[in-house]
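> This is the structure I want to talk about, given as structure tokens.
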Amino acid sequence: LGYVAGGLPLDGSIRAALAVGSVGLVFVGVAAVVAQVMPNGRGANGVASALVGIAYLVRGIGDALGTPSDDLLTVTPAAVSWASPIGWGQAIRPFGDEPSLAPLLIGLGVAVTLGALALALRTRRDLGASLVADRSGRDRARVGGHSVFGLAWRLQRSTLIGWIVSGMVLGGIAGGIGPVVADALAGNESLAQLIARLVPGSEADIVDIFISGMLGIAGILSAAAGVQAVLRLRAEEAEGRAELLLSTPTDRARWMGSTLAVAALSVLAVCLATGAAAGAAIARTQGDTDAIGRYTGAALAHAPASVVFVAVTALVFAFVPRLTVALGWGLLTIGLVLGQLGELLQLPEWLQQVSPFFWSSALPVEELDVAASATLVAIALGGCVAALLVLRRRDLAA
């Protein structure tokens, strides 16, 4: 309906809906199987999300290794794309000259097979059990388990490693194919003009423009890592563990403050990993060792906007805890659309400015806007303090 409302042909819009839906159904089957295998919801979410990320990465590798058209506007993906459900959906080419629904049958077949496998696995396990047994914890905590901050770190560290690896992969790909993109643009005047319109008035190197755009995505990843860390507070409260913890001399401010500190560190870690990986890739291919520091700083320039979403999620948790998950991810999505896609969607500038991402400096293409960055950090700190004060005055909610 959205495609049709936007003026695209009805038949292509239907094929596009089928393509997207078929990919979604495959991952429904994936999630169903993983839920039978893993011992808890957190593990199942982590594995399923990792498989989605791997599928996206495999599809991206297939595009990177594909064969471009003569005008460099389209790419025929390499065979490796067929190893990814996302590649199957892409192969339908809903608005292409020669669309094909054959990949749709592959996706539906795999979805049905996975669903049947999940049902078969369900009959082989006890209610409340899993194929992978849950491990017993240690009888004594390590050093990190002797403090509230250590507990917050332990709860988030595995997830954070996943976000860091994702950022490193993104940065490595950006730095690896940046020079290739520059070479392609050198021979294509229309694409060069498009880049010029996207970054008006800039005389920056094409590689810098491309990588700065990819580092903007890293800012979104870092915000997601921070938001997910804050959402752990809601899980601990809803499942009753927070009540047990707070029955000790630990107060609410220390409990929440420790998690917010881990969330802020998560934002910084993902930005650092992505920028360093991009710089290392450029240093390896171009011999520019200064790129490591340059792109690391460029990635960190997105951290102030990201920590605002940490504070916003903390405020939601403090005021309306039952809506923490929905509003935490929902507000991040709105910020992404307004700040990163607002120009593409031709949204009014005042509406784009609502998103913290709008105020991030796209280094090294732009100069660092110190005032905007400082304002974002101040807003984040103020939001966190307000959340701490509100949490001290409300009851725990199941």
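> Consider the stretch 355-378. How many of its residues are exposed (fewer than 14 other Cβ atoms within 10 Å of the Cβ) and in a loop (DSSP other than H, G, I, E, B)? Spell out how you get there, then give the answer.
Initially, the stretch 355-378 is screened for residues exposed (fewer than 14 other Cβ atoms within 10 Å of the Cβ), giving 367, 370-371, 374, 378.
Within this subset, residues satisfying the condition of being in a loop (DSSP other than H, G, I, E, B) are 367.
Residues flagged as exposed (fewer than 14 other Cβ atoms within 10 Å of the Cβ) and in a loop (DSSP other than H, G, I, E, B) within the stretch 355-378 amount to 1.
> May I ask you to list the residues in the stretch 113-153 that are within 30 Å of LEU265 (Cβ to Cβ), in contact with a helix residue (DSSP H, G or I) (Cβ under 6 Å, 6 or more places away or on another chain) and not in a helix (DSSP H, G or I)?
Passing the criteria: only VAL132.
> So which residues in the stretch 265-298 are closer than 18 Å to SER360 by Cβ and touching a residue at least 60 places away in the same chain (Cβ under 8 Å), if there are any at all?
SER266, ALA269, VAL270, CYS271, ALA273, THR274, GLY275, ALA278, ARG294, TYR295, GLY297, ALA298
> List the number of the failed condition for LEU114; all other conditions in (1) among the hydrophobic types (A, V, I, L, M, F, W, C); (2) open to solvent by 60 Å² or more (accessible area, probe 1.4 Å); (3) within 28 Å of GLY41 (Cα to Cα) hold.
Of (1) among the hydrophobic types (A, V, I, L, M, F, W, C); (2) open to solvent by 60 Å² or more (accessible area, probe 1.4 Å); (3) within 28 Å of GLY41 (Cα to Cα), only one is false for LEU114: (2).
> I've got another one for you. Within the stretch 332-343, how many residues are farther than 25 Å from ALA397 by Cα and crowded, with 19+ Cβ neighbours inside 10 Å?
Summing the residues that are farther than 25 Å from ALA397 by Cα and crowded, with 19+ Cβ neighbours inside 10 Å in the stretch 332-343 gives 6.
> For the stretch 322-354, which positions are in contact (Cβ under 8 Å) with a residue 60 or more places away in the chain and among the aliphatic types (A, V, I, L, M)?
Correct list: VAL325, LEU332, LEU336.
> Please verify whether the stretch 363-383 includes one or more residues that are out of contact with any Asp or Glu (no Cβ under 7 Å at 6 or more places or on another chain), at positive phi and not acidic (Asp, Glu).
The answer is no; no qualifying residue exists.
> Next question, about the same structure. Do we have any residue at all in the stretch 39-46 that's assigned to a loop (DSSP other than H, G, I, E, B) and of a type in the set (A, V, I, L, M)? Can you show your working first?
Kept after step one, since they are assigned to a loop (DSSP other than H, G, I, E, B), are these residues of the stretch 39-46: 39-40.
Now restrict to residues that are of a type in the set (A, V, I, L, M): none.
No: the stretch 39-46 contains no residue that is assigned to a loop (DSSP other than H, G, I, E, B) and of a type in the set (A, V, I, L, M).
> Within the stretch 379-393, take every residue that is touching a helix residue (DSSP H, G or I) at 6+ places or on another chain (Cβ under 7 Å) and open to solvent by less than 90 Å² (accessible area, probe 1.4 Å) and give me the one that is nearest to ILE220 (Cα to Cα).
The residue in question is ALA380.
> Can I ask one more? Can you tell me which residues in the stretch 94-111 are open to solvent by 60 Å² or more (accessible area, probe 1.4 Å), free of Cβ contacts under 8 Å to residues at least 40 places away in the same chain and closer than 30 Å to VAL180 by Cα?
ASP97, GLU98
> Among the numbered criteria (1) open to solvent by 40 Å² or more (accessible area, probe 1.4 Å); (2) closer than 18 Å to GLY297 by Cα; (3) at pLDDT 85 or above, which single criterion is violated by LEU151?
The number of the failed condition is (2).
> A further question on this structure: Please work out if VAL34 is in contact with a helix residue (DSSP H, G or I) (Cβ under 7 Å, 6 or more places away or on another chain), modelled with pLDDT of 95 or more, among the β-branched types (Val, Ile, Thr) and buried (at least 16 other Cβ atoms within 10 Å of the Cβ).
In short, no.
> Since ALA19 meets every condition but one in (1) more than 28 Å from SER158 (Cα to Cα); (2) at pLDDT below 80; (3) among the small types (Gly, Ala, Ser), which condition does it not meet?
(2)
The values are calculated or read from the model by the stated rules, or taken from the named source; none is laboratory data. These numbers come from a predicted model, not from an experiment. FYI the Cβ positions are ideal-geometry reconstructions off the backbone, even for glycines, and counts take in every protein chain you see. Heavy atoms of the whole protein, side chains included, go into the accessibility calculation; ligands, DNA and RNA do not. Shrake-Rupley method; radii C 1.70, N 1.55, O 1.52, S 1.80 Å.
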